[in-house]
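Only the coordinates and a few stated rules stand behind these numbers; no lab work does. Remember, predicted model here, so these are calculated numbers, not experimental data. Don't worry about glycine lacking a Cβ; one is built from the backbone with ideal geometry, like all the others, and counts go over all protein chains shown.
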Amino acid sequence: MINTTNDPSTPPTQRSIGELVQSIRDELLGVVHDEIDIAKKEFTGLAIKLGIIAACAAVILFLLLSAWVMLLFAAANGLEALGLPFWAAFLIVAGVFIVLGVVVGAVAFVVYKKLKAPETTIETAQGAVSAVQGKRRQNAVSYDDTFDELYGKQVSARTD
């Protein structure tokens, strides 16, 4: 007998197992839907805040880029004030940045060439897929394997 209300004074009612399972299912779905609604509200607030942060970052980057351009003009004008022709001053500033760009690009290329695929992650992911598909890996460890077969060492239970 089950009391279907929270009031202890009400008599318990007889319910079938199907009704109980349906009741549990409905309550579980209600909880899941409530959790989804809470998550939606939290993520909406988070998305708005992240949007504001992204907009501020874009404005900051624009202002810093504008300041950078002004600094480059100041550097070129400074070189011109030292007696260089106007075109030569701007050419020197541009040349310095081209050389810096080539150096940074070469460093990035060297790092790119040294990149390797994440072998362990690929292997474990393939193992998980095989396990889900019901396949056994060929190099999987068996309960019948001995320590010697796995590690190639003799281990004594006694310590001398």
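How much length is gained if the chain between Leu46 and Ser16 is pulled fully straight, taking 0.36 nm per residue apart and subtracting their Cα-Cα distance, in nm to one decimal?
6.3 nm is the gain from fully extending Leu46 to Ser16.
Provide the gained length on full extension for the span Ala58 to Gln126, in nm with one decimal, where the gain is 0.36 nm per separating residue minus the Cα-Cα distance.
The span from Ala58 to Gln126 would gain 20.4 nm if fully extended.
Looking at region 59-133, which trypsin sites (Lys or Arg not before Pro) are DSSP coil and have at most 13 other C-beta atoms within 10 Å of their C-beta? Don't skip to the answer; put the middle values down first.
Details: sites: Lys113, Lys114, Lys116; in loops: Lys114, Lys116.
Answer in residue order: Lys114, Lys116.
Would you mind checking region 69-106 for residues with the amide N under 15 Å from a putative spin-label position 7 Å along Cα→C-beta of Leu115?
Inside the label zone: 105-106.
Work out how much length Phe86 to Ala67 would gain on full extension: take 0.36 nm times their residue separation and subtract the Cα-Cα distance, in nm to one decimal.
Roughly 4.8 nm would be gained on extension.
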